[in-house]
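> For reference, the structure I am asking about is given below.
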Amino acid sequence: MNVTILGAGAYALGLALRFNKNNNKIIIWSAVKDEIDVLTKTKKNERALPGVKMPNNFVYTENVQKAIEGSDIVVIAVAMKFISSVCDQIKPFVKDKHILIASKGIEQESYHFASDIVKKKLKTKKVAVLSGPTFAKDMATDELVGLSLATTNSKTKDAIIKALSNNKLKLRPTKDFIGVELCGSLKNVIAIAGGILDGLKVSESTKAMFLTESLNDARKLIKKLGGNEKTILSFAGIGDVLLTCTSNSSRNYSFGMMLGSKTSKEKQDEYLSTHTVEGVYTLKSLYGLIKVRKVKMPFIDLIYNMVFGYKSVDDLIPFLNEKE
């Protein structure tokens, strides 16, 4: 099959390599000319995936029409804040193609999930969401990984499984868009709090308590927003939370550690300016979403207030002890 990857960041390139392993033809699009120029010339994006070289048969382009026409599957792997604008660009060309969303988060302006935006703007039901415990470097080096695939379209499900699944990548289908996308958003926020705890140098036992409470709150929120609470036990749920909340490879976790260890505001701002910390963007969206839906989530409120300086990170420990 012909697969178009929209985005040229770490995870986009990791996915491209996995699709390539199944002998699909890959074309990569980016709106950033420098990214396309460097990839075309060197077959690398050293900033995103250091030391990883793309195959010689990959095609790179800034031209959206060239990228999409003739494609069977279009993968959206851009930062959440660009989802809406990318949909506007690709709308004239997508027609009846399968759309796979690999972006995670909630749009700040609308409080919509990526699938809501894609379905509305592209007027299609051939949409799926991919989410689970996978770092881009592990995708790129062909480690064994498992991912949740949310879709209600059987043809889209079958096409993506055929194009992507193999002995090193397990896809577990579900129809629960809300649960999968909410988990993908929450895990980045939970990872920041997990990093804060490590920055505070709490015990492993306290971190285990925190993860248990976080997962239980996530389960409740999924149910309140209309999803399947069992999704918290999936690759997209507990799998992604465990990976993102316990590894220095997670930018969200690393930023949380800076907060917990009370690193200077200047260094925090410098980190945010040089690293994509999706959890900070998502936190604003998630905080707004629960207010609009009138859902009480004291845990989200506290993380929001700690990240944006309204409360001290020292408040996290007593909160865990006192929360119901």
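> Could you state the accessible area per residue of segment 1-95 in Å², with a 1.4 Å probe and every protein chain left in place?
On the way: 4350 Å² over 95 residues.
Using a 1.4 Å probe on heavy atoms only, each residue of segment 1-95 averages 46 Å².
> For His98, enumerate residues with amide H under 5 Å from its amide H, sequence gap 5+ or separate chain, H modeled in the peptide plane.
HN-HN under 5 Å from His98: Val74.
> ³J(HN,Hα) across segment 313-321 via Karplus (A = 6.51, B = -1.76, C = 1.60, θ = phi - 60°), whole Hz, x for Gly/Pro?
Couplings: 5, 5, 6, 5, 5, x, 4, 4, 6 Hz.
> Now for a different question. By the gyration tensor of its Cα atoms, with a ≥ b ≥ c the square roots of the eigenvalues, what is the shape of segment 234-324: rounded for a/c under 1.5, prolate for a/b over b/c, or oblate?
Values: a/c = 1.40, a/b = 1.19, b/c = 1.18.
Since a/c stays below 1.5, the shape of segment 234-324 is classed as rounded.
> Run the accessible area of the chain with a 1.4 Å probe and give the carbon-and-sulfur part as a rounded percent. Each step should come with its number before you reach the end.
Values: 7430 of 14710 Å².
The nonpolar share, carbon plus sulfur, comes to 51 percent.
> Across the chain, what fraction of all alpha-carbon pairs, as a whole percent, falls in each successive 10 Å bin from zero upward?
Spelled out per bin, shortest first, that is 6, 27, 35, 23, 8, 1.
> For a quick check: with amide H placed at 1.01 Å from N, whose amide H comes under 5 Å from Asn2's, ignoring anything fewer than 5 positions away on the same chain?
For Asn2, the qualifying residues are Lys25, Asp72, Ile73.
> Something else: Hey, what did segment 1-130 get for relative contact order, percent, Cα under 8 Å, at least 6 apart?
Numbers: 230 pairs, mean separation 30.5, N = 130.
So the answer I get is 23 percent.
> Put a dot 7 Å past each Cα toward the Cβ at Thr263 and Glu322; how far apart are the dots in nm?
2.9
> Accessible area per residue of segment 168-324 at 1.4 Å probe, in Å²?
Result: 47 Å² per residue.
> Hey, with R₀ at 35 Å, roughly what FRET efficiency would Met1 and Tyr271 work out to, going by the Cβ-Cβ distance, to 0.05?
Working: r = 39 Å, r/R0 = 1.12.
My answer for the efficiency is 0.35.
> If you don't mind, another one. Between Leu233 and Lys81, what FRET efficiency comes out of the Förster formula 1/(1 + (r/R0)^6) with R0 = 41 Å and r the beta carbon distance, rounded to 0.05?
Details: r = 30 Å, r/R0 = 0.72.
That pair, Lys81 with Leu233, gives E of 0.90.
> Now, a different point. Determine the relative contact order of the chain: mean sequence separation of Cα pairs under 8 Å and six or more apart, normalised by residue count, in whole percent.
Worked out over the chain, it gives 15 percent.
> Within segment 228-246, what residues put their amide N at less than 19 Å from the label point 7 Å along the Cα-to-Cβ vector of Asp138?
Within reach of a label on Asp138, which here means backbone N under 19 Å from a point 7 Å along Cα→Cβ, segment 228-246 contributes 232-246.
> Applying 1/(1 + (r/R0)^6) with R0 = 25 Å to the Cβ-Cβ distance of Asn23 and Asn56, what FRET efficiency is obtained, to the nearest 0.05? Please list the in-between numbers first.
Values: r = 15 Å, r/R0 = 0.59.
The pair Asn23/Asn56 has a calculated efficiency of 0.95.
> Okay, moving on. Taking the mean number of other Cβ atoms within 10 Å as a proxy for protection, how do you rank 285-292, 269-276, 309-316 from highest to lowest?
Working: 285-292: 19.0, 269-276: 11.8, 309-316: 14.2.
Ranking, from highest mean packing down: 285-292, 309-316, 269-276.
The values are calculated or read from the model by the stated rules, or taken from the named source; none is laboratory data. It should be emphasised that the depicted structure is a prediction, and the values quoted were computed from it without experimental measurement. Ideal geometry is used to build each Cβ from the backbone, glycine not excepted, and the neighbour counts take in all protein chains shown. Accessible surface areas use protein heavy atoms only, side chains included; no ligands, DNA or RNA. Shrake-Rupley method; radii C 1.70, N 1.55, O 1.52, S 1.80 Å.
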